[in-house]
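Read the structure below first, then the notes.
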Amino acid sequence: MARMAGRTRGQLLALLAGSGVALVGLGILVAGWIGLGVTTLGSAATSDEPCLVAYDQEQATVQFTGFPPRAVCAWDEGGDEVVVGEMAPAAFAAGMTAAVLGAGATVAVGLLTRRRRVAPVA
């Protein structure tokens with residue numbers, strides 16, 4: 001009867017660490033994107049920037065970009081673009097690095113240590 005070989009404690013800890021790093025990176029990115037949205041809404045309500053005033057009068061548009069995260073107000077009349085809010089580049093780089101490396105490590109450890117059939121023990 002063949003038995004299944006399990007993962008060792010070290011492999012399980014590597015999976016836990018990799019997935020934890022990936023989750024921290026995603027948390028940084030999500031917090032940055034939410035903060036950008038809140039900052040943009042606050043700026044639109046209180047700013048005297050001509051583009052944002054035109055946005056209140058529906059003569060301008062605010063567009064969000066995901067990579068890099070920022071909000072840009074585009075004014076139809078003058079063709080000007082104003083950056084309303086932007087996530088800190090260092091925070092964005094740290095979040096992306098942690099998310100990609102953590103996910104990659106988790107996938108690599110998961111694939112390299114998957115369960116294999118072992119010959120029966122005599």
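The values are calculated or read from the model by the stated rules, or taken from the named source; none is laboratory data. If you're wondering where the values come from, they're calculated on a predicted model, not measured in any experiment. As a convention, Cβ positions derive from the backbone with ideal geometry for all residues, glycine included, and neighbour counts pool all protein chains shown. These area figures cover heavy atoms from the full protein model, side chains too; ligands, DNA and RNA do not enter into them. Shrake-Rupley method; radii C 1.70, N 1.55, O 1.52, S 1.80 Å.
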If VAL38 satisfies every condition in (1) loosely packed, with under 14 Cβ neighbours inside 10 Å; (2) over 18 Å from the mean Cα position of the chain (by Cα) but one, which is the exception? (2)
Looking at GLU77, is it open to solvent by 60 Å² or more (accessible area, probe 1.4 Å), at pLDDT below 85 and in contact with a Phe, Trp or Tyr (Cβ under 8 Å, 6 or more places away or on another chain)? no
Scanning the stretch 62-76 residue by residue, the ones that are assigned to a loop (DSSP other than H, G, I, E, B) and either aromatic (Phe, Trp, Tyr) or closer than 19 Å to ALA90 by Cβ (or both) total 4
Test result for ALA44, open to solvent by less than 50 Å² (accessible area, probe 1.4 Å), at pLDDT below 85 and out of contact with any helix residue (DSSP H, G or I) (no Cβ under 8 Å at 6 or more places or on another chain): no
If THR97 satisfies all but one of (1) of a type in the set (S, T, N, Q); (2) in contact (Cβ under 8 Å) with a residue 12 or more places away in the chain; (3) touching a strand residue (DSSP E or B) at 6+ places or on another chain (Cβ under 8 Å), what's the number of the condition it fails? (3)
Please state which one of LEU29, LEU52, LEU15 is under 13 Å from the mean Cα position of the chain (by Cα) and surrounded by 15 or more Cβ atoms within 10 Å (Cβ to Cβ). LEU29
